[in-house]
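Below: the structure, in structure tokens.
The values are calculated or read from the model by the stated rules, or taken from the named source; none is laboratory data. Every value quoted in this text rests on a predicted model; they were computed, and no experiment measured them. Using ideal geometry, Cβ is built from the backbone for each residue, glycine included, and neighbour counts are taken over all protein chains shown.
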Amino acid sequence: MLYNLNAGLWQNCVKIFTSKEYMNMLFEGLGCTLLISFGAAIVGVLLGTLVAIVKIIPSKGPLMKVLNVICDVYTTVIRGTPMALQLFIMAFVIFAIRGFPMEIVAILAFGINSGAYVSESIRAGILSVDIGQTEAGRALGLPYSKTIFKIVIPQAIKNVIPAIGNELIALIKETSIVSMVGGLYDLTLVAKILGGGDKLASFLAPMTVVALFYLAIVYLLTFVIKLIERRLRASDKR
């Protein structure tokens with residue numbers, strides 16, 4: 001029985017990879033997954049950087065105190081609630097507008113979620129930079145903002161790249177739930193469609209193929225992150 005199952009899996013996987021129709025469907029789903037993943041990553045990094053900077057700036061005046069409270073509430077709520085729930089709220093409550101692009105909804109939902117985690121990684125990276133660097137910048141007459149942006153953050157980037165890379169990898173895998181809100185043709189939905197079709201009549205083969213797609217994306221991304229880390233370490237030795 002196990003032999004027959006493996007034979008059926010292999011035959012169906014070959015059928016998928018040799019079918020132009022199936023591969024076109026998979027590449028279309030891959031495009032949607034990558035669009036949402038990297039769009040959300042950009043939103044998450046920008047939002048996370050902004051939140052991290054607000055949280056490390058010494059609170060002077062009522063405005064900064066209010067911003068600090070908003071950022072604390074944001075990170076607490078986003079990290080304390082499920083991603084699926086946040087996606088549903090964005091799709092069916094906040095952007096429940098007829099004809100509104102679901103890709104943008106998904107990018108914003110995943111980007112806002114990612115920003116909460118990225119902000120803590122960046123904040124930790126900034127705080128890991130020796131306080132003497134900040135004091136040196138201030139001693140040279142640089143204002144606090146220039147000290148942070150020109151001295152501290154460039155050094156912090158080297159510390160946070162692994163964490164940001166891990167967050168991006170997690171983000172790519174999390175996007176597998178986007179089909180739950182409808183209107184989005186991602187890799188996971190393609191696997192469901194192929195598995196429910198008459199020609200394959202099995203979810204095992206398409207799910208296996210989609211898993212290989214995700215593994216390839218993650219492996220490539222991991223390779224790029226390691227390459228960047230090596231370049232940065234090499235620049236430190238000069």
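Each residue in the stretch 6-33 was checked for being within 15 Å of GLY195 (Cβ to Cβ) and at pLDDT below 80, and 2 of them qualify. Restricting GLY132, GLY165 to residues that are closer than 25 Å to VAL43 by Cβ and of a type in the set (Gly, Ala, Ser) narrows the list to GLY165. Listed by first and then second residue, the pairs linking a residue in the stretch 62-81 that is among the basic types (Lys, Arg) and surrounded by 11 or more Cβ atoms within 10 Å (Cβ to Cβ) to a residue that is part of a helix (DSSP H, G or I) and at pLDDT 90 or above, with Cβ atoms under 6 Å apart and 6 or more places separating them unless they lie on different chains, are ARG79/ALA116. Checked against (1) surrounded by fewer than 21 Cβ atoms within 10 Å (Cβ to Cβ); (2) modelled with pLDDT under 90, ILE104 meets all criteria but (2). Considering (1) in a helix (DSSP H, G or I); (2) over 18 Å from SER176 (Cβ atoms), the lone condition that ALA41 does not fulfil carries the number (2). Residues that are buried (at least 19 other Cβ atoms within 10 Å of the Cβ) and over 30 Å from ASP186 (Cα atoms) do occur in the stretch 150-171, at least one of them. Regarding the stretch 66-81, can at least one residue be identified that is within 30 Å of LEU215 (Cβ to Cβ), touching a helix residue (DSSP H, G or I) at 6+ places or on another chain (Cβ under 7 Å) and part of a helix (DSSP H, G or I)? Yes: one or more hits.
Per the conditions (1) outside any helix (DSSP H, G or I); (2) surrounded by 12 or more Cβ atoms within 10 Å (Cβ to Cβ), the sole criterion not satisfied by ILE97 is (2).
No other residue among ILE56, ILE42 is in contact with a Lys or Arg (Cβ under 8 Å, 6 or more places away or on another chain) and surrounded by fewer than 19 Cβ atoms within 10 Å (Cβ to Cβ) apart from ILE56.
Among the residues making up the stretch 114-129, those that are of a type in the set (S, T, N, Q) and surrounded by fewer than 24 Cβ atoms within 10 Å (Cβ to Cβ) are SER121, SER128.
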